[in-house]
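A quick write-up on the structure given underneath.
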Amino acid sequence: MDLERLLSDRLAPAFATVAGTPVDPTVRRSPRADFQSDAALALARRLGRSPRDLAAEVLEHAALDDVCASAEVSGPGFLNLTVADRTLADLVSRLAGDDRLGVPPAAAPETVVVDYSAPNVAKEMHVGHLRSTVIGDAAVRLLDWLGHRVVRVNHLGDWGTPFGMLIEHLTDLGEAEAAHGLSVGDLDSFYKAARAKFDADEVFRERSRRRVVALQGGDESTRRLWRLLVEQSERYFLSVYDLLDVTLTGGDFRGESAYNDLLADVVDDLDRLGLLVPSGGADCAFPAGFTGRSGEPLPLIVRKGDGGYGYPATDLAALRQRTGELAATRLLYVVGLPQQQHFAMVFAVAGAAGWLRPPARAEHLGFGSILGADGRMLRSRTGGSVKLVGLLEEAVARATDLARAKNPDLDAATAAEIGRAVGIGAIKYADLSTDRRRDYVLDWERMLSLDGNTAPYLQYAYSRIRSVFRRAGTAPRPGAPVVLAEPSERALAIELLGFAGVVGKVERSLEFHHLASHLHRLATTFSAFYERCPVLRAPDELRQSRLLLADLTARTLRQGLHLLGIRTLERM
């Protein structure tokens, strides 16, 4: 039911006949027809032929008569394709009876590990965690819906030297008082107080160092206090995930500490394979192709000079466990772009060690930063990191105020429901509708607008369609024929049939702004259809057809927004 795929499948044999080799027809939407192929231009350069003559020859061999109303050569050698109304109507009729909206389950399901969010124990989540959590959750939702086995991994920072000072501070406060403070989410104050004592008090510093040794040595009383820190932090993290409405659960936490027992084996294996080199007192791997500013080989420090292990060792151990024990073939790391080189080096070393080999592959889903109105990194008024809870609560409060202003008769519970769905949806959509590699500006007015490419616009489009069915008092008649009598009906049919193709592309690229753009295009196309094509006042056959188109649009918006982690509302 993917029109681009259907037309590509019809053109591909014709291009192969003319070229003598397989050619991608590269079919895409066109302002001059429904679709366009420009593959003849590149092919003509390769064959030393006129692109118009070559495009005409492709048309002679292409089986398009039962699909297209017209197919012609245009300009320097474009193939312009206009789909027949009957073809569109038949495909939309089939789409209406498909619970999956034309999107087939994955032909070859994989085990996919998605590593995302990754807050640090005893620290509050800040705005820097937002993008990883939102993008990772969208990836999980999409891949799960397509039938892959998805393993969520929330890679907690729960180990290392800072925990000596944190545990000592906990003992100074007393377990009950510390647990209470942590349970209400006052993690920042706890961490800052511990750091201040560590910096100012030599006795406290020495106690903290001894506590680290005890923690790493397995001292049970120290481990019990450490677990208290971890458990209280996890409760706080789960409260944030609940507010953000993401799918992460307590079962998805996997701290750095979980890989401790694997680190020595990682070093031994790398050493046995000849991949470890002593350098500056540390044991390092030097993956090919990575150099410093002066051209010197760049090291990945696996074991430090004091015998401790850093992030590279933990990441290598995690990767080996995921491809080995979990048998994952696709590993996704949703981490900011500044870590691009780190992950590239980790993947290169894992490949050289044989832990990452086809069909397994690892992908760093890097992303940019969230900026303030001044174009700089978003900061609080005091210059610190913006707390994620505060940002989310502000979004919900603003959206709730807007809902009440738009409809003063809303009761408190309904206003709160709308405020949460719209506020959290606006935050997520602002992120996912942007190319993830780019920075974006947090602009409340734009994000919460009912106009433009925003979540509230799409949520309102959905609720507007649902109101049509409340007024109609009926659902579309099953099997009702589709009638495309007006250009706006045709345009809507083409957008509806494009959903499957977009989902397929996003499955491969995990660039969610393409899905967001498609949903916005669908909503604006429906708006034009609704203005020009009366639904409830149309004659019965046309009324049924238009109800079907409206229902398909609502279903597609709901499913597409769900994949982005955004709720739809029956009323707004």
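The values are calculated or read from the model by the stated rules, or taken from the named source; none is laboratory data. All values reported here derive from a predicted model rather than from experimental measurement. Ideal geometry is used to build each Cβ from the backbone, glycine not excepted, and the neighbour counts take in all protein chains shown. Calculation scope for accessible area: heavy atoms of the full protein, side chains included, ligands and nucleic acids excluded. Shrake-Rupley method; radii C 1.70, N 1.55, O 1.52, S 1.80 Å.
When the helices in the chain are scored as -39500 (n - 2.57) per DSSP H run of 4 or longer and the sum is shared across all residues, what 222 nm value do you end up with, to the nearest 500 deg cm²/dmol?
The helix contribution divided over the chain gives -17500 deg cm²/dmol.
Let me have the relative contact order for the chain, percent, based on Cα pairs under 8 Å that are six or more residues apart.
15 percent
Can you compute 3J(HN,Hα) from phi for each residue in region 152-169, using the Karplus curve 6.51 cos²θ - 1.76 cosθ + 1.60 with θ = phi - 60°, rounded to whole Hz and x for Gly and Pro?
Once θ is set to phi - 60°, the couplings for region 152-169 become 7, 10, 9, 7, 6, x, 10, 8, x, 4, x, 6, x, 5, 5, 5, 5, 5 Hz.
Of 305, 80, 501, whose Cα points farthest to the positive end of the dipole of the chain (charges on the beta-carbon: +1 Lys, Arg; -1 Asp, Glu; origin at the Cα centre)?
It is 80, whose Cα lies furthest towards the positive end.
How big is the charge dipole of region 41-158 about its Cα centre, in debye rounded to the nearest 20, if each Lys and Arg gets +1 on its Cβ and each Asp and Glu gets -1 on its Cβ?
About 420 debye.
Region 412-461 to region 488-548: how many Å between their Cα centroids?
20 Å
Take the alpha carbon atoms of region 30-104, find their radius of gyration, then divide it by 2.2 N^0.38 Å using N residues; give the quotient.
Normalised by 2.2 N^0.38 Å, the Cα Rg of region 30-104 equals 1.34.
Order 517, 488 by their accessible area, 1.4 angstrom probe, all chains in place, largest first.
517, 488
What is the magnitude of the charge dipole of region 224-372 about its Cα centre, with +1 placed on the Cβ of each Lys and Arg, -1 on the Cβ of each Asp and Glu, and no other charges, expressed in debye to the nearest 20?
For region 224-372, the charge dipole is close to 200 debye.
Using θ = phi - 60° and the Karplus relation 6.51 cos²θ - 1.76 cosθ + 1.60, list the HN-Hα couplings for region 518-535 in order, rounded to whole Hz, with x at every Gly or Pro.
5, 5, 5, 4, 5, 5, 5, 5, 5, 4, 5, 4, 5, 6, 9, 10, x, 9
With a 1.4 Å probe and all protein chains in place, put 78, 237 in order of accessible area, largest first.
Descending order: 78, 237.
Note the full-extension length gain between residue 450 and residue 144 as 0.36 nm times their separation in residues minus their Cα-Cα distance, in nm to one decimal.
Value of the extension gain: 107.1 nm.
Using Cα centres only, tell me the gap between region 119-167 and region 336-402 in whole Å.
Each part reduced to its Cα centre gives a spacing of 10 Å.
Using per-residue counts of other Cβ atoms within 10 Å, averaged over each peptide, order 82-88, 167-173 from highest down.
167-173, 82-88
Scan around residue 126 for amide H atoms under 5 Å from its own, H built in the peptide plane at 1.01 Å from N, and keep only partners 5 or more places away or cross-chain.
388
Provide the per residue accessible area, probe 1.4 Å, for the chain, rounded to a whole number of square angstrom.
44 Å²
Based on the Cβ-Cβ distance from residue 361 to residue 228, what FRET efficiency comes out when R0 is 51 Å, to the nearest 0.05?
Working from the Cβ atoms, E equals 0.85.
Using alpha carbon centroids, what distance separates region 63-117 and region 245-269, in Å?
Centre-to-centre (Cα) distance: 41 Å.
Show me, for region 393-403, the HN-Hα J-couplings you get by feeding each phi into the Karplus relation (A = 6.51, B = -1.76, C = 1.60, θ = phi - 60°), rounded to Hz, glycine and proline as x.
Per residue, the Karplus-derived 3J(HN,Hα) values read 5, 5, 4, 5, 5, 4, 5, 5, 4, 5, 5 Hz.
Hey, rough spin-label estimate for residue 106 and residue 291, points 7 angstrom out along Cα→Cβ, what's it come to in nanometres?
3.9 nm
What pairs from 387/428; 123/428; 387/505; 428/505; 123/197; 197/387 go past 28 Å between their alpha carbons?
387/505
Sort 557-563, 47-53, 454-460 for me by packing, meaning the mean count of neighbouring Cβ atoms within 10 Å per residue, highest on top.
The most tightly packed comes first, giving 454-460, 557-563, 47-53.
Quick query: amide H of residue 78 versus all other amide H atoms, modeled in the peptide plane; which residues come in under 5 Å with a sequence gap of 5 or more or a different chain?
Correct list: empty.
Please list the non-local residues whose amide H lies under 5 Å from the amide H of residue 437, H modeled 1.01 Å from N, same-chain partners needing a gap of 5 or more.
Counting only residues 5 or more places away or on other chains, the set is 368.
In nanometres, what is the gap between the two model label sites at residue 60 and residue 485, each 7 Å from Cα along Cα-to-Cβ?
The answer from the label model is 4.3 nm.
Among 13, 23, 59, whose Cα lies farthest out toward the positive end of the dipole of region 1-76, if unit charges sit on the beta carbon of Lys, Arg (+1) and Asp, Glu (-1)?
Comparing the listed Cα positions along the dipole, 23 ranks first.
Using square roots of five times the C-alpha gyration tensor eigenvalues, list the equivalent-ellipsoid semi-axes of the chain in whole Å, biggest first.
Those come to 50, 33, 18 Å.
Using a simple charge model, +1 on the beta-carbon of Lys and Arg, -1 on the beta-carbon of Asp and Glu, nothing else, what dipole does the chain show about its Cα centre, in debye to the nearest 20?
800 debye
So for the pair residue 85, residue 393, with labels modelled 7 Å out along Cα→Cβ, what separation do we get in nm?
For the pair residue 85/residue 393, the computed spacing is 5.8 nm.
Of the DSSP beta bridges with both residues in region 67-180, give the percent that are antiparallel, rounding to the nearest 5.
Looking only at bridges with both residues in region 67-180, the antiparallel portion is about 50 percent.
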